[in-house]
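What follows is a set of notes on a single structure, which appears directly below.
The values are calculated or read from the model by the stated rules, or taken from the named source; none is laboratory data. Bear in mind that the values here come from a model prediction, so they are computed numbers and not experimental data. Cβ coordinates were reconstructed from backbone atoms using ideal geometry, including for glycine residues, and neighbour counts include every protein chain displayed.
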Amino acid sequence: MTQWLYLCSDLGIPLDGTKGASEHVRAITRALCANGAEVTVLAARGHLPQGHPASQLSHHLGTDARGLGDVLRRWLDSNGASAGLATELAQIAYDARLKDEMDQESISPAADVVVERLSLFSSAGREFARQHDIPYLVEMNSPMAQEAAHYRDAGMQSLARDIEQKTLQAADYVMTVSADLRAHVIASAGLDPDRVVTVPNGVELGLFDHPYDRFQARREAGVPQDALVFGFVGSLKVWHGVEVLLEAFQRVQREIPLAHLLIVGDGRRLAYYRSLVASSSLDGHVTFFGGTDHSTVARLLAGVDVALAPYLPQSTFYFSPLKLYEYMASGLCVIASRAGQIAEVIDDGHNGMLVPSGDCEALADAMRHVGRDPGLRARLGEMARQSVAHCSWGNTAQQVIELANRAIRDRGNAKVAEVVHARS
């Protein structure tokens, strides 16, 4: 069986977390195992759930680095400086320690292939692959350096960009989650287009297309049984558009009194959104469930009538939103922003509805339209379910395995190529 090392160095992605990135790591490694790979996960934080088929290399480096980050953050705050620098320095410290430990083989597994989820300042994975002369695949979910500079008050943009470019250039193949991200990385990093492949996110079909009980789902969510429930799932980042959603929902609720909004997710802005609701006419018509695991999310979606993905306008939309596939696999009527890959997955009026990003009135109009037409909701939801029936994590894993095999063939290592081909 082929030995795979899956590396996630991002201190912000715990293996046992509730955010989409955490689920992505768990899901793709589970699918790789199901497709014949023997996977070892090396991550900065958290633990794989009990029963997960991959093995995990546990170590204290991530905990140490986060502790350093906390100390630096307090020091920066006390001196009136940007605390964002503390996160960057902690990430650098982690990568430096990890590289040193892997060089000394104290936490270094046997591996035929390395897959690394691109993280800010990550270099340990590429160095490990280079030293062992094995295929190195980089999984790119966003332009990390650019995102950090734009959203996280980054202080070392130039260094972050340089390291990211070196990592991407060292990869046998870069796997981007969307076509827009593929075009971006080819242009910005000067990569050979043949080495950059779009591998979209998947969905755990068996979990999200299960016929859960609607009554039980609403009772668990804490929403009225007779309500028209609009639902949002996400980590409450600024770009998710929750503030616009709340404004649009306020307009809808005035005209459809039974309308109720369920928000499932957590994040630094949760308290702010709660305060907006508490000080408005929406108090009592919005339920904040908080963050939870994916099994619970799947059950809760059974109590939702309309699912929402109201992303804000961005110069380039790189994402492949997990929530979109999960909404659709659940057979829900989806209203989403017309942006990037979303507009490739949703055919407006056929398997969902698209609205301009950030357009509150257009969002409210779409919510009113489907809210008043249960037949339309049912038709769009069923077409959505059919549209993602082929988007399993298993299919995603098969694409990753084929790229690994291709990388081995490209390297001309016939002996290893035969092993991977035979066992994968």
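Some observations on this one:
- Taking the criterion of being of a type in the set (A, V, I, L, M, F, W, C), more than 29 Å from residue 73 (Cα to Cα) and surrounded by fewer than 24 Cβ atoms within 10 Å (Cβ to Cβ), the residues of segment 89-127 that qualify are 110, 111.
- None of 216, 225 is touching a helix residue (DSSP H, G or I) at 6+ places or on another chain (Cβ under 8 Å), free of Cβ contacts under 8 Å to residues at least 12 places away in the same chain, surrounded by fewer than 19 Cβ atoms within 10 Å (Cβ to Cβ) and not assigned by TED's automatic domain parsing to the domain that holds residue 17 except 225.
- Restricting segment 138-153 to residues that are surrounded by 21 or more Cβ atoms within 10 Å (Cβ to Cβ) and farther than 20 Å from residue 341 by Cβ, the residue that is modelled with the lowest pLDDT: 148
- Of everything listed in (1) at pLDDT below 95; (2) closer than 30 Å to residue 293 by Cβ; (3) touching a Lys or Arg at 6+ places or on another chain (Cβ under 9 Å); (4) assigned to a loop (DSSP other than H, G, I, E, B), the single unmet condition for residue 111 is (3).
- Selection count where residues are of a type in the set (Lys, Arg) and more than 23 Å from residue 336 (Cα to Cα), scope segment 219-247: 1
- Segment 227-246, residues that are part of a loop (DSSP other than H, G, I, E, B) and modelled with pLDDT of 95 or more: 227
- From the list 68, 15, the one residue that fits, being of a type outside the set (Gly, Ala, Ser), out of contact with any Cys (no Cβ under 6 Å at 6 or more places or on another chain), touching a residue at least 24 places away in the same chain (Cβ under 8 Å) and assigned to a loop (DSSP other than H, G, I, E, B), is 15.
- Filtered by the rule that a residue be of a type in the set (A, V, I, L, M, F, W, C), farther than 24 Å from residue 23 by Cβ and in a helix (DSSP H, G or I), segment 71-90 gives 71, 72, 75, 76, 85, 86, 89.
- For segment 171-219, a residue qualifies if it is in contact with a strand residue (DSSP E or B) (Cβ under 8 Å, 6 or more places away or on another chain) and of a type in the set (S, T, N, Q), and the qualifying residues are 176, 178, 198.
- Of all residues in segment 169-184, those satisfying the criterion of being touching a residue at least 40 places away in the same chain (Cβ under 8 Å), aliphatic (A, V, I, L, M) and surrounded by 22 or more Cβ atoms within 10 Å (Cβ to Cβ) are 171, 175, 177, 181.
- Unique match (being in the same structural domain as residue 211 (by TED's automatic domain parsing), of a type in the set (A, V, I, L, M) and touching a helix residue (DSSP H, G or I) at 6+ places or on another chain (Cβ under 6 Å)) among 397, 343, 364: 364
- Residues that are buried (at least 24 other Cβ atoms within 10 Å of the Cβ) and touching a Gly at 6+ places or on another chain (Cβ under 9 Å) were ranked within segment 1-24; the one that is farthest from residue 399 (Cα to Cα) is 9.
- Being touching a Cys at 6+ places or on another chain (Cβ under 8 Å) and among the aromatic types (Phe, Trp, Tyr) holds for only one residue in 325, 318, and it is 325.
- Of the helices (runs of 4 or more DSSP H) lying entirely inside segment 313-424, those containing at least 1 residues that are over 22 Å from the mean Cα position of the chain (by Cα), modelled with pLDDT under 95 and not charged (D, E, K, R) span 393-411, 414-423.
- One residue from 367, 383 being surrounded by fewer than 20 Cβ atoms within 10 Å (Cβ to Cβ) and not acidic (Asp, Glu): 383
- Residue in segment 250-290 that is surrounded by the most Cβ atoms within 10 Å (Cβ to Cβ), counting only those that are touching a strand residue (DSSP E or B) at 6+ places or on another chain (Cβ under 8 Å) and assigned to a loop (DSSP other than H, G, I, E, B): 265
- Single unsatisfied condition, residue 38 versus (1) acidic (Asp, Glu); (2) farther than 19 Å from residue 2 by Cα; (3) not in a loop (DSSP other than H, G, I, E, B): (2)
- Scanning segment 30-62 for residues that are polar (S, T, N, Q) and either in contact with a helix residue (DSSP H, G or I) (Cβ under 7 Å, 6 or more places away or on another chain) or over 26 Å from residue 205 (Cα atoms) (or both) returns 35, 58.
- Count of segment 339-361 residues, restricted to those that are without any contact (Cβ under 8 Å) to a residue 40 or more places away in the chain, among the small types (Gly, Ala, Ser) and buried (at least 19 other Cβ atoms within 10 Å of the Cβ), is 2.
- Leading residue by the ranking (surrounded by the most Cβ atoms within 10 Å (Cβ to Cβ)) among those in segment 41-65 that are of a type outside the set (Asp, Glu) and assigned to a helix (DSSP H, G or I): 65
- Residues that are under 18 Å from the mean Cα position of the chain (by Cα) and of a type in the set (S, T, N, Q) were ranked within segment 167-222; the one that is nearest to residue 300 (Cα to Cα) is 201.
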